[in-house]
1. Quick one: in the range 1-18, of everything that is in contact with a Lys or Arg (Cβ under 6 Å, 6 or more places away or on another chain) and either on the phi > 0 side of the Ramachandran plot or not hydroxyl-bearing (Ser, Thr, Tyr) (or both), which residue is modelled with the lowest pLDDT?
2. From the list Ala69, Ala51, Ala37, which one is closer than 17 Å to His4 by Cα and not hydroxyl-bearing (Ser, Thr, Tyr)?
3. If you take the residues of the range 48-100 that are modelled with pLDDT of 85 or more and hydroxyl-bearing (Ser, Thr, Tyr), which of them is surrounded by the most Cβ atoms within 10 Å (Cβ to Cβ)?
4. Say we look at the range 19-45 and pick out the residues that are at pLDDT 95 or above and loosely packed, with under 11 Cβ neighbours inside 10 Å; which of these is farthest from Glu72 (Cα to Cα)?
Amino acid sequence: MRYHGDSQTARGFGFEPGETVEATVYSTPTALGSQVANEDGEVVFTWTIPADEEVGQHEVELVGETSGAESETFRVLARSSLAATGGDLALPIGGLAVLLILAGTAIWATQRRRNADV
């Protein structure tokens, strides 16, 4: 899963060493260019997810001149603009809970001393 502006990498395996491999991202076709497969028949394409890329599932297809094609999918998510909820109240609520426990303990201890004196 990636967000707009994140880096995405597609790795291709099983191409002929020295073979030129073209990469294209779909749903809206976007050419990523070409690379030459290394001595192990591998290529690596890395790109930045554009700000206007459609949110959802996408596919990157790698096509070799002679070895054919392979593809993989990735998902683009929208960054949430909603404010975080609850996190800012943890410290005040925790502090209040500690004060209530201390107050209850003090009342209990005072009552116990009074009952012992009677």
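The values are calculated or read from the model by the stated rules, or taken from the named source; none is laboratory data. Bear in mind that the values here come from a model prediction, so they are computed numbers and not experimental data. As a convention, Cβ positions derive from the backbone with ideal geometry for all residues, glycine included, and neighbour counts pool all protein chains shown.
1. It comes out as Met1.
2. Ala51
3. That would be Ser67.
4. Glu39
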